[in-house]
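The values are calculated or read from the model by the stated rules, or taken from the named source; none is laboratory data. Note that the structure is a prediction, hence the values are computed from the model and not measured. Positions of Cβ are backbone-derived with ideal geometry, glycine not excepted, and every protein chain shown enters the neighbour counts. Remember, those area values only see protein heavy atoms, side chains included, never the ligands or the DNA or RNA. Shrake-Rupley method; radii C 1.70, N 1.55, O 1.52, S 1.80 Å.
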Amino acid sequence: MKRTGAQIVWEVLTREGVSTVFGHPGGAILPVYDAMPAYPVRHILARHEQGAGHMADGYARVSGDVGVVTVTSGPAATNLVTALATAMMDSVPIVAITGQVPTTLLGNDAFQETDVTGVTQAVTKHNYLVTNIQDLARILREAFYIARTGRPGPVLVDICKDVLNDETEFVFPEKLDLPGYRPYTGLDMDAVEAAAELINQSHRPVIIAGHGVQMAHAENELRQLAEKAHIPVAMTLLGLGDIPETHPLSLGMCGMHGEARANKAIQESDVLIAVGMRFDDRVTGDLDAFAPNAKIIHIEFDPAEINKNVPVDVAILADAKEALQALLGKVNPARHQNWMAKIEEWNHESQELDILNAEVDELIPPYVMRQLWHVTQGDAIIVTDVGQHQMWEAQYFLHDKPRQLLTSGGLGTMGYALPAAIGAHYASPDETVWAVVGDGGFQMTLQELGVIMQERVPVKIAIINNGFLGMVRQWQELFYEKNYAGTPIQSPDYMLLAQAYGIPARRVTTKEEVVAALEEANSHEGPYLIDFQVKEEVNVYPMVAPGEAIDNLLRRRIVQGPSGLQPAW
Amino acid sequence: MTHDPSTFNKHTVIAWLEDKPGVLSRVLSLFRRRNFNIESLAVGHSERPGVSRLTFTVVGDDQMVEQAIKQLDKQINVLKVENVTGKPAVRREMALIRVKVNAQTRPEVMQLVDIYRASIIDVSLDSLVVQAVGDQDRLDSLIELLSNFPVTEMVRTGPIAMTRGRANGANGNGKHARRIAL
Ligand SMILES: Cc1ncc(C[n+]2csc(CCOP(=O)(O)OP(=O)(O)O)c2C)c(N)n1
Ligand SMILES: [Mg+2]
């Protein structure tokens, strides 16, 4: 049957299982929008293309499948760049479809022409410019295949407007031919044997689990391995939930704002098993001082990540699930009582220094996070923005499930939370979705409240309003002699703002109001916004200063409190 | 990882690329973005239609070169990458060198050209264009000698390479070594 290019876009998308797209129309993509109503897809109109991109990202992280975003040429495509870079860094599968000026105008600096494939080259797993309708179906198919296989990532397809209007016989390309792309490698059992041997001989093993575990749905295998060989598990920010944080073998988060016990255990380990993580500098600190006595086993899907930052002793190039399954059959049951006792000592010490102390009267953000965990009973999708609140959420909300925390880990994109939370809702409409966002980041993408209004998206928003770009202020306090240049930030009246968008809202200024407000929001049918006006100058601890070894921790001060010594908040 | 420049070596790497729009630009921007120190680069057709062959030399330690190769290999349109450093291979480069001459120096230059089995491909009253083919060292030394006359213009292609013995073309399977040699 003859189809226009625009119809082919929808023919392929619907066959790829797409039912929701996030986007914003314009001249060059208009044929795609014109053809859309004839297909069983829902379009969510973002208020900014960056928002549309983050929505697709949130959708992809929760659904585990490709998120789709459609925008027009030029400024729309450049607005998308931050969202693509965010997805690229965190290996999130997105297919971005952008309209482009007609082939006849390409290269002429036509109205709204941007070299989109050029601009997005470094922030996509792959991209295409389509100048001939005969290539269109194949390229779209390849885009989905590349986005969702191997190490997932964003793929952009830039389609010239005349291609969208052109007509051809539509054939769905069943077979793909990508000779340079062979993401499946097969497991090397020699490497598995070598890894098992190291583990079996170890006395102080530690697992560092990352995002790759959740992407591979390998959380059960990970837990079984940890339990069988008695290995404590530290998690990266994106790995939180790989093993339940309430599990006795969980060390919680490691790295720059990781728990002391996790960082110390890594440093003292004799065998380190890194699974689906890439030794980001926020995880390793000073590389030369990282896990100095450990033999390192790296289970990783992307060959380029192996030996990139840390030289490893055994590399298992495989999907985490497959590798862990194989390893599980080879490791001996073990008990490491002395090692666990040592970790418990560190844990005890850090309880005193870092853990939330209920005797604080002021409204401090960690308390809000801990109560959010209680009120939701840990059963919610949490989408955080970037900054102090992001770290507090990671520390004080206990993530027991995988794919429950969405956050921009690799790029650290402020403005991510609100749109990504909207996308998350569409991937899992029955789950409660909370956006936890700073007053700075919220003001970067708050225009997406318009989507919540128009579509009645039942996302709950917790603004951690500390009057500062808090994380930057913390660095200024610690490393720039409290020179708060450019970090104080005013907010509009969020009650009025919420009212303008028809969203119920509440302001919380004392500790006593926190639980009631959270409960009301959590049980409310629709969207809800809470403005938590928290104590301003609170720091995130522990902290590893940039470039330091991860066991060189800056700690919260201890002061005399009403009933003895307590951390100073 | 910290890198000690005193351990840096020159590596010759061959990559087979699908001959599609944007592929070369992707490869080049990858080199720039990842801070790979590329000394030379030569690209042209391979024995297989639709596949181009890129030879480049990169300076760095083994780990840096391993990274360069893996990042290249990860590109969707890169079919295969091979480090031929240390392998038995022939490496050749071509140079065109314009040398300023006069009646006295012309015979001297011609003699040098002869010794190096280079050839003269263009002649004018006050200059000669020398074409030289050889491995990098040989060209370096010829150019150094000619620069005494002096050289007024020069272009080098950068080396291309081919391993000795068995054919090693675009079809071989080089993608994703299963276990990283340590
Ligand atoms: C788009 C973007 N711009 C700048 C930064 C640098 N940055 C990191 S955290 C931060 C402060 C965030 O402030 P806020 O949203 O209020 O969160 P808080 O740290 O106060 O919890 C800034 C500016 C960033 N990560 N992303
Ligand atoms: Mg703030």
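Identify the GluC sites (Glu not before Pro) of the range A:472-569 meeting these criteria: DSSP loop state and at most 14 other C-beta atoms within 10 Å of the C-beta.
Counting only loop positions with at most 14 other Cβ atoms within 10 Å, the GluC sites (Glu not before Pro) in the range A:472-569 are A:E481, A:E525, A:E536, A:E537.
What is the sum of charges, Lys and Arg at +1 and Asp and Glu at -1, for the other residues whose Cβ falls under 14 Å from the Cβ of A:T86?
With Lys, Arg at +1 and Asp, Glu at -1, the net is -2.
Quick check on the range A:354-540: take the gyration tensor over C-alpha atoms, sort the square-rooted eigenvalues as a ≥ b ≥ c, and tell me if it's rounded (a/c under 1.5), prolate or oblate.
Judged from the Cα gyration tensor, the range A:354-540 comes out rounded (a/c under 1.5).
Please compute, for peptide B:88-97, the average count of beta-carbon atoms on other protein chains lying within 10 Å of each residue's beta-carbon.
Other-chain Cβ atoms within 10 Å of each residue's Cβ, averaged: 0.
If N is the number of residues in the range A:174-329, what value comes out of its Cα radius of gyration divided by 2.2 N^0.38 Å?
Normalised Cα radius of gyration, the range A:174-329: 1.00.
Let me spell out the model: positive unit charges on the Cβ of Lys and Arg, negative unit charges on the Cβ of Asp and Glu, origin at the Cα centre of the protein assembly as shown. What dipole size does that give, in debye rounded to 20? Could the numbers behind the result be given before it?
Numbers: 66 positive and 91 negative charges, 360 e Å.
Roughly 1740 debye, rounded to the nearest 20.
What's log10 of I(q)/I(0) for the range B:6-83 at q = 0.11, 0.13, 0.21 Å⁻¹, Debye sum over Cα points only, no solvent?
So the normalised log intensities are -0.25, -0.35, -0.89.
Rank these by accessible area, largest first, 1.4 Å probe: B:T105, A:T82.
From most accessible down to least: A:T82, B:T105.
A:K264: which lysines have alpha carbons under 18 Å from its alpha carbon, excluding same-chain residues fewer than 8 sequence positions away?
Result set, ordered by chain and number: A:K295, A:K342.
Just the accessible area for A:W475, please: 1.4 Å probe, Å², rounded to the nearest 10?
That residue has around 70 Å² of solvent-accessible surface.
What does the C-alpha gyration tensor say about the overall shape of chain A? Classify as rounded when a/c is under 1.5, otherwise prolate if a/b is larger than b/c, or oblate.
It is oblate, given that a/c is not under 1.5 and a/b is not larger than b/c.
Describe numerically, in nm with one decimal, the distance between label points set 7 Å from Cα along Cα→Cβ at A:E512 and at B:R164.
8.9 nm
How would A:R557, A:R138 line up by accessible area, probe 1.4 Å, largest first?
A:R557, A:R138
I want to check the label-to-label distance for A:Q377 and A:H348. Put each point 7 Å from Cα in the C-beta direction and report it in nm to one decimal.
Computed distance between label sites A:Q377 and A:H348 equals 3.4 nm.
If you take the C-alpha gyration tensor of the range A:493-569, multiply each eigenvalue by 5 and take the square root, what semi-axes do you get, largest first, in whole Å?
35, 18, 12
Using only Cα atoms and rounding to the nearest 10 degrees, what angle (0 to 90) does helix A:337-354 make with the longest principal axis of chain A?
80 degrees
Can you list the trypsin sites (Lys or Arg not before Pro) in the range B:87-135 that are in a DSSP coil and have 15 or fewer other beta carbons within 10 angstrom?
Passing sites in the range B:87-135 are B:R117.
Less than 30 Å apart at the alpha-carbon level, and either on another chain or at least 8 residues along: which lysines does that give for A:K460?
Partners found: A:K401, A:K511, A:K535.
Report the full-extension gain for the segment A:V559 to A:H203: residue separation times 0.36 nm, less the Cα-Cα distance, to one decimal in nm.
Here the answer is 124.4 nm.
Please compute the net charge surrounding A:N132, taking Lys and Arg as +1 and Asp and Glu as -1 over other residues with Cβ under 11 Å from its Cβ.
-2
How many Cβ atoms of partner chains, on average, are near each residue of A:118-128 if near means within 10 Å of its Cβ?
3
Antiparallel as a % of all DSSP beta bridges within the range A:354-540, to the nearest 5? Write out the running numbers ahead of the final one.
Details: 1 of 22 bridges.
Taking every DSSP beta bridge with both residues in the range A:354-540, the antiparallel ones total about 5 percent.
Nearest 0.05, what FRET efficiency do A:A38 and B:I115 give at R0 = 60 Å with Cβ-Cβ as r?
Here the calculated transfer efficiency is 0.20.
Explain nothing, just the number: relative contact order of chain B, from Cα pairs under 8 Å at least 6 residues apart, as a whole percent. List each step's numbers first, then the result.
Numbers: 317 pairs, mean separation 47.8, N = 182.
Relative contact order, chain B: 26 percent.
Give me the accessible area of B:I115, 1.4 Å probe, in Å² rounded to the nearest 10.
About 120 Å², ignoring ligands and nucleic acids.
Determine which aspartates and glutamates satisfy two conditions relative to A:K161: a Cα distance under 13 Å, and not lying fewer than 8 residues away in the same chain.
Leaving aside aspartates and glutamates fewer than 8 places away in the same chain, those within reach of A:K161 are A:D34, A:E113.
Are there trypsin sites (Lys or Arg not before Pro) in the range A:478-536 that DSSP marks as loop and that have at most 13 other Cβ atoms within 10 Å, and which are they?
A:K482
Rg and Dmax of chain B over Cα atoms: what are they, in angstrom?
19.2, 63
Please give the helix A:470-479 orientation as an angle from the longest Cα principal axis of chain A, in degrees from 0 to 90, rounded to the nearest 10.
50 degrees
What does the helix-only formula give at 222 nm for the protein assembly as shown: each DSSP H stretch with n ≥ 4 adding -39500 (n - 2.57), the total divided by the residues, and the result rounded to the nearest 500 deg cm²/dmol?
Helices in the protein assembly as shown give a 222 nm mean residue ellipticity of -10000 deg cm²/dmol.
With every protein chain in place, what's the accessible area of A:D400 (1.4 Å probe, Å², nearest 10)?
It works out to around 50 Å².
Any chance you could give the angle, 0 to 90 degrees and rounded to 10, that helix A:49-63 forms with the longest Cα principal axis of chain A?
For helix A:49-63, the angle is close to 60 degrees.
Starting from the coordinates of the alpha-carbon atoms of the range A:2-169, obtain the Kirkwood hydrodynamic radius over all distinct pairs and give the value in Å to one decimal.
Kirkwood radius, the range A:2-169: 15.1 Å.
Taking Cα centroids, how far is the range A:366-440 from the range A:275-311 in Å?
26 Å
For the pair A:K401 and A:T168, how long in nm is the line joining their label points, each one 7 Å along Cα→Cβ?
Each label point lies 7 Å from its Cα, and together they span 4.4 nm.
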